[in-house]
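Q: A single structure is presented below for examination.
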Amino acid sequence: MPTAARARLLATAERLFYAEGVRAVGVERLLAESGVGRASFYRHFPGKDDLVVAVLEERLARWRADLVAAVERRGGGVLAVFDELDAQVVDPAFRGCAAINAMVEAADRGSAEHRVAAAHKRALADYLGGLAGDADLGETLLLLVDGALVTALRDPSAGAARRARAVAERLL
């Protein structure tokens, strides 16, 4: 059963991890900013890595659900994915893809963080393939999505999602 302390830890960790990176944020800072005591932290999470996994699982599941809803609002189809990404990457709080960021920081492909992020990417490729009506095309479309997200992190004014959309349109 989730508690208020657990919810505060997750919310604080998600905000800080996304803005600054997992490795840059220590447990002491998480405790101070969330207002949760050390004993409560360890009652909910055996360690920081377990908190990281919980944050990733929740954030990535919510992001996929929000993407599906946004694509449906935009009329459906693969191209609507890129339209939604274009809207997301101009947000001043945009710090890239949480899954890609986690894989870069975790580096170890066997780590729980890396596995959660990789599972998210597989689910996204499956979703894209389903939208395209071609499961094999899902991984190719994911390359365009990931490229747009990384490029937008480097240069938000570059219109990376719009350019990726144009490539996707030609592929389709």
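Q: So, residue 84, is that one among the charged types (D, E, K, R), farther than 22 Å from residue 24 by Cα and surrounded by fewer than 17 Cβ atoms within 10 Å (Cβ to Cβ) or not? Even if it seems obvious, please write down each step before you answer.
A: Numbers: among the charged types (D, E, K, R): yes; farther than 22 Å from residue 24 by Cα: yes; surrounded by fewer than 17 Cβ atoms within 10 Å (Cβ to Cβ): no.
Considered against the rule, which asks whether it is among the charged types (D, E, K, R), farther than 22 Å from residue 24 by Cα and surrounded by fewer than 17 Cβ atoms within 10 Å (Cβ to Cβ), residue 84 comes out as no.
Q: Working only within the range 13-42, note down all residues that are in a helix (DSSP H, G or I), without any contact (Cβ under 8 Å) to a residue 24 or more places away in the chain and either in the same structural domain as residue 108 (by TED's automatic domain parsing) or out of contact with any Phe, Trp or Tyr (no Cβ under 9 Å at 6 or more places or on another chain) (or both). It would help to see each step written out before you state the result.
A: If we filter the range 13-42 for residues that are in a helix (DSSP H, G or I), which is where we start, we get 13-20, 27-34, 38-42.
From the residues that got through so far, the ones that are without any contact (Cβ under 8 Å) to a residue 24 or more places away in the chain too are 15-16, 20, 27-33, 38-39, 42.
Within the range 13-42, 15, 16, 20, 28, 29, 32, 33, 38, 39, 42 meet the criteria.
Q: Something else: Considering only residues that are in a helix (DSSP H, G or I) and of a type in the set (D, E, K, R), look in the range 142-166 and name the one that is surrounded by the fewest Cβ atoms within 10 Å (Cβ to Cβ). Walk me through how you get there before you give the answer.
A: Restricting attention to the range 142-166, the residues satisfying the condition of being in a helix (DSSP H, G or I) are 142-154, 156-158, 160-166.
If we keep only those that are of a type in the set (D, E, K, R) as well, we get 146, 154, 162-163, 165.
On the way: 146: 18, 154: 9, 162: 14, 163: 16, 165: 21.
Selected residue: 154.
Q: Would you be able to say whether some residue in the range 153-163 is outside the structural domain of residue 25 (by TED's automatic domain parsing), within 16 Å of the chain's Cα centre (by Cα), at pLDDT below 95 and not acidic (Asp, Glu)?
A: Scanning the range 153-163 turns up at least one residue that is outside the structural domain of residue 25 (by TED's automatic domain parsing), within 16 Å of the chain's Cα centre (by Cα), at pLDDT below 95 and not acidic (Asp, Glu).
Q: Do we find that residue 129 is closer than 18 Å to residue 169 by Cβ and surrounded by 14 or more Cβ atoms within 10 Å (Cβ to Cβ) in this structure?
A: Details: closer than 18 Å to residue 169 by Cβ: yes; surrounded by 14 or more Cβ atoms within 10 Å (Cβ to Cβ): yes.
In short, yes.
The values are calculated or read from the model by the stated rules, or taken from the named source; none is laboratory data. Quick caveat, the model's predicted, so the values are computed rather than measured. Cβ sites come from the backbone with ideal geometry, for glycine too, and all protein chains shown count toward neighbours.
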